[in-house]
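Comments concern the structure below.
The values are calculated or read from the model by the stated rules, or taken from the named source; none is laboratory data. This one's a predicted model, so the numbers in the text were calculated from it and none came from an experiment. Neighbour counts run over all protein chains shown; Cβ positions are idealised from the backbone, glycine included.
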Amino acid sequence: MANEILLADGVGYIGFFSDFNTTFWSGILRIAYAMVAAAPFLMAGVLAAGILRGMVGTARVRKILGVGHWSGPFRAWGVGVLLPICSLGALPVARELRRAGIPSGTVLSFVLVAPVLNPVSIIYGLSHIEPVTLIYFAIGTFVVSTGIGMIWNWCVAGEKDVVPDSLEQAPRHSLHRVAVVGDTAARSLFGPVMVDYGLALLAVGFLGAFLPHGVLQTGMTRDNIFAPVIMGLVAIPVYVTPTDVMMHFGHIVRDGYSLGAAFALIVLGAGANVGVANWLRRDYGFRSLMLFVSLLIGSTLVIGFTADRTIVHGKATMEDHTHAFDSFTRLAKVSSDEAGLTWVVKKVRESIQKHEAAGIAEVVGLGLLGLIFAVGLTLRLTGDRFSVEHMLKPGDDTDDKTAPSWDPTLTAKQLVLISAVGVGVLASIGLYVFYPDPGTLINEMQLIRVEAYDAVRAEDTDEFQRRIAQWRRQAEKLPASSLIRGQSMTDGMRETLSELLYGLKVLEGHMANRRFDDAKMMRMYLERLFRECCDEFRGVSKQTN
C-alpha cells in the first residue's frame, strides 16, 4: 500500500538495488555534470564577491543592505534578483557580506533567492513556464527568503553575529581595486568554503548513485498528497543551476505533475544545498541550523501544498512517462564496457555539445574557474607574501591628485552605476546569443527534425533521444526569443507550441517503449504540428529581421 501511495513501480522504474558499475559510475557522472553546470555560475559568484570587496566597498554594501534597519532581508532579496549566480556561487558572496558585518538573516535572504530568481533564470523560465505560474512562485520565493531572513535576524543574529572591529575601505585607485577583486575571487575558492563545495558535490553523487532510475515519476503526480514531501527529501542533497531548475519546472508543469513538488525543487534544490547547511552549522551551531532547516522545509511545503490545490490541475498518473526527474537519479544501466573515466569524459563532452550556447558558457566558465583556482592555490601556498590587506586600510592610498589621467579615481556611486550598466549589457548580449531570433530557431529545428525522423525509421533509440532533446530545446526557446525582441505572444503561438511539445512527448513515449510502428505512423501528424507552429512564429521572425 505504501508503494502505491509514494513510489510505486511505475514506468521506467528499475529497482532500488543495482550492480556496482551502475551505482558507482552513475554517482561519478552526476558529480561531473554538476561541476560543469556550476562552473559559469560559480565563476560569477567569486567575481561578484571580489567586486563587492574591491570596488563597491564595505560602507556602500552596508548602506545598500540597510544594516541596522528592519528592511535588510527585503533589500537582500532585491540585490539577489540582480546577480546570475547559483547556490554554490552564493557562498563566496555570503562570505563577503559577513565580512562587511551584514546581519546573518539578511545574508540568508540573499543566499536563498539569488540562485532561484535572477536575470538568467527569469528569462529562461519564460520559455518553459506560463507567466502567471512563474509570478506565483516568484511571490512564494519572496515570502520564504525574506520571512526566514527576518525570523533569523530576530532569533539568531543578535546572539551569534560578530560585528567586525574595523571596516575595510575599498581602494581609491583602479589598479588596487583590480588587485583586490582578483585576490578575493581567487582566495574565495579555498578555506572552509572549499569543504562546503565538496559536500554539496558529494551529496549530488550519493543521490545519483543510490536513487533508483525512474522512481520519482511515480510519486510526483498531482494526486499524491505526499509529492511535495518526497521532492523535499530528494531536493535537499540536490544541486540544480538556475537555468536547469526552470527547465525541470517547465517539464513538471507540461507533463502534468505536482506543482508543489516543482516548488520544493526550486527552493530546496536550487536555493539551498548541503554546502549552505554546513556553512550555517560551522558558523552558528547545530541548533541554529535546525531552525533554518525547519523554517525552510516547513514554509516550502506549505506553499507547495497550496499550489497543488489552487493552480492548474496536473493530469499525470503513475503510468505516464516524464524525463523531468531523470537527472537526479541513478542511470538505468552502466555496462562493464562503459564504466570508467573515459566514459564519464565522453558523456560530459556530449552534454556540453548538446547544450549549444549553454555549453559554450560552461566551457568558458570551466576555463576561467581553472585559472582562478590556479592563482588561488598559488596565493594559498605563498601565505601572506602577496597580500592586499594594506590596500583596504583607510587612508592608505595616496592623494587623488596623483592619479594619472588613464587611471581616474571613481566614487562608490560611479562604480555601482558602471557595474549595473555592465551587467545589463552583458546580460543582454548573452540573452540574444542564447535565444536566437525565431527564424534561426526554426531553421535549426528543420534540420534536427530530419535527423529525428531518420532515427525513427532506423529504430535507433539512442540517436532519437539525442535529436528529440535538441528539437524540444529549440522549440522551448521560441517564446523567450520573441519576448526579448519586443514581440508579444499570441494565443496561436502558445497553442501551436504547446501542441508541438505534446506531439514530441508522445513520439518520445512510443520510441522509449519500442513501439516503432506507432512512432513511424506519427510522423505526418507531428509534421503538421511543426508546420503550424512555424507559421505562427515566422511572422515574428520577419518583423525582427
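Among residues of segment 249-274 being in contact with a helix residue (DSSP H, G or I) (Cβ under 8 Å, 6 or more places away or on another chain), in a helix (DSSP H, G or I) and surrounded by fewer than 24 Cβ atoms within 10 Å (Cβ to Cβ), the one that is modelled with the lowest pLDDT is R254.
Look at (1) part of a helix (DSSP H, G or I); (2) in contact with a Ser or Thr (Cβ under 7 Å, 6 or more places away or on another chain) and you find that A44 fails only one, number (2). Per this entry, G10 is not counted among residues that are modelled with pLDDT of 85 or more and in the same structural domain as V238 (by TED's automatic domain parsing). For E476, the conditions (1) over 24 Å from M247 (Cα atoms); (2) out of contact with any helix residue (DSSP H, G or I) (no Cβ under 6 Å at 6 or more places or on another chain) all hold with the exception of (1). Report yes if A316 is modelled with pLDDT under 80 and under 24 Å from the mean Cα position of the chain (by Cα), otherwise no. Spelling it out, it is not the case that A316 is modelled with pLDDT under 80 and under 24 Å from the mean Cα position of the chain (by Cα). Only helices (runs of 4 or more DSSP H) whose full extent lies in segment 449-545 are considered here, and the ones with at least 1 residues that are free of Cβ contacts under 8 Å to residues at least 40 places away in the same chain and among the acidic types (D, E) are 461-476, 491-512, 516-521, 523-544. Answer yes or no: is there a residue in segment 201-210 that is crowded, with 24+ Cβ neighbours inside 10 Å, assigned by TED's automatic domain parsing to the domain that holds A32 and more than 30 Å from A374 (Cβ to Cβ). No, segment 201-210 contains no residue that is crowded, with 24+ Cβ neighbours inside 10 Å, assigned by TED's automatic domain parsing to the domain that holds A32 and more than 30 Å from A374 (Cβ to Cβ).
Whenever a residue of segment 250-278 is on the phi < 0 side of the Ramachandran plot, its partners that are charged (D, E, K, R), lying with C-beta atoms within less than 6 angstrom and at least six residues away or across chains, give the pairs S258/R222; S258/D308; L259/D308; G260/D308; G275/D196; N278/D196. Does segment 426-441 contain any residue that is modelled with pLDDT of 80 or more and surrounded by fewer than 16 Cβ atoms within 10 Å (Cβ to Cβ)? Yes. Filtered by the rule that a residue be of a type in the set (G, A, S) and farther than 15 Å from V79 by Cβ, segment 22-56 gives S26, G27, A32, A34, A37, A38, A39, G50, G54.
Take Y502 and decide whether it is in contact with a helix residue (DSSP H, G or I) (Cβ under 9 Å, 6 or more places away or on another chain), buried (at least 16 other Cβ atoms within 10 Å of the Cβ) and aromatic (F, W, Y). Spelling it out, it is not the case that Y502 is in contact with a helix residue (DSSP H, G or I) (Cβ under 9 Å, 6 or more places away or on another chain), buried (at least 16 other Cβ atoms within 10 Å of the Cβ) and aromatic (F, W, Y).
Of the residues making up segment 54-74, at least one is at pLDDT 90 or above, assigned by TED's automatic domain parsing to the domain that holds P119 and buried (at least 17 other Cβ atoms within 10 Å of the Cβ). Just so you know, in segment 103-142 the residues that are β-branched (V, I, T) and more than 25 Å from M43 (Cα to Cα) include one that is surrounded by the fewest Cβ atoms within 10 Å (Cβ to Cβ), and it is V132.
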